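A.B. asks: Attaching a single structure in C-alpha cells format; questions to follow.
The values are calculated or read from the model by the stated rules, or taken from the named source; none is laboratory data. As the structure is a computational prediction, the values presented were derived from the model and not from experiment. FYI the Cβ positions are ideal-geometry reconstructions off the backbone, even for glycines, and counts take in every protein chain you see. In case anyone asks, the SASA skips ligands and DNA or RNA and just uses the protein heavy atoms, side chains included. Shrake-Rupley method; radii C 1.70, N 1.55, O 1.52, S 1.80 Å.
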Amino acid sequence: MKILLSGTASDSHTWNLVYVELFLEELGHDVVALGPCVSPELLTAACRRHSPDVVVLSSVNGHGYRDGLTAVRRLRSGTAPSVLPVVIGGKLGTTGRRQEADVDRLLQAGCDAVFGDDDLDALRAFLAARAHGQVPA
C-alpha cells in the first residue's frame, strides 16, 4: 500500500518518523514521508497529491492529541474522503498515560485507529487487515 507518513504540526522530532518509515518499508509498503511540523493544510494537500491508501500520523512531543485532532478534522472536512484510513500513534499527551477520553475524541473526529508509543504490532495488524480488504475494529 502507499502510506503517507507525517509528523504533527507542533512536533519537530524526526527520529520517530525515520523509525516508522523504515518499519513500514520493511513491511513492503511504499512510504511518502512528509517529515516533522506538518500543518493540517500541508497534510491535506499531500493527500490530494499522493492519493495514499493510509495516512499515518506520529508524534512524540506530547501534543499529538491536540495536533492530531486538528489534522483529522481538517482531513475529514470534505478534503479527504471518509474512506481514507487515518491513524495516529506515539506520545499523544503530556501525562505519560493513555487518556481514553482523548482516544475517544480522536476516533469520533475521524481517526480509524489510535496507537500508543509502543503499539507497532497493532499498527502492523491494522495495515495487514487493510491490505487484505478487511476493516479492523
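A.B. asks: Tell me the accessible surface of Asp102 in square angstrom (1.4 angstrom probe, heavy atoms of protein chains only), to the nearest ten.
C.D. replies: Looks like 30 Å² after rounding.
A.B. asks: Now for a separate question. Would you mind getting the accessible area per residue of segment 86-128, heavy atoms of the protein chains only, 1.4 Å probe, in Å²?
C.D. replies: About 53 Å² of surface per residue is accessible.
A.B. asks: Further, regarding this structure: With a 10 Å radius around each residue's Cβ, average the other Cβ atoms per peptide and rank 47-56, 120-129, 68-77, highest first.
C.D. replies: Order by mean packing, descending: 68-77, 47-56, 120-129.
A.B. asks: Between Lys2 and Asp30, what length in nm is gained on full extension when 0.36 nm per residue of separation is reduced by their alpha carbon distance?
C.D. replies: Going from the current span to full extension adds 9.6 nm.
A.B. asks: Rounded to the nearest 500 deg cm²/dmol, what is the calculated helix-only ellipticity per residue at 222 nm for the chain, with -39500 (n - 2.57) per DSSP H run of length n ≥ 4?
C.D. replies: Calculated at 222 nm, the ellipticity per residue is -12500 deg cm²/dmol.
A.B. asks: Let me ask you something else. With θ set to phi - 60°, apply the Karplus curve 6.51 cos²θ - 1.76 cosθ + 1.60 along segment 28-34 and write out the HN-Hα couplings as whole Hz, x wherever there is a Gly or Pro.
C.D. replies: With coefficients 6.51, -1.76 and 1.60, one gets x, 8, 8, 10, 9, 9, 7 Hz.
A.B. asks: Of the heavy-atom accessible surface of the chain (probe 1.4 angstrom), what whole percent is carbon and sulfur?
C.D. replies: Looking at the chain in its full context, I get 51 percent from C and S.
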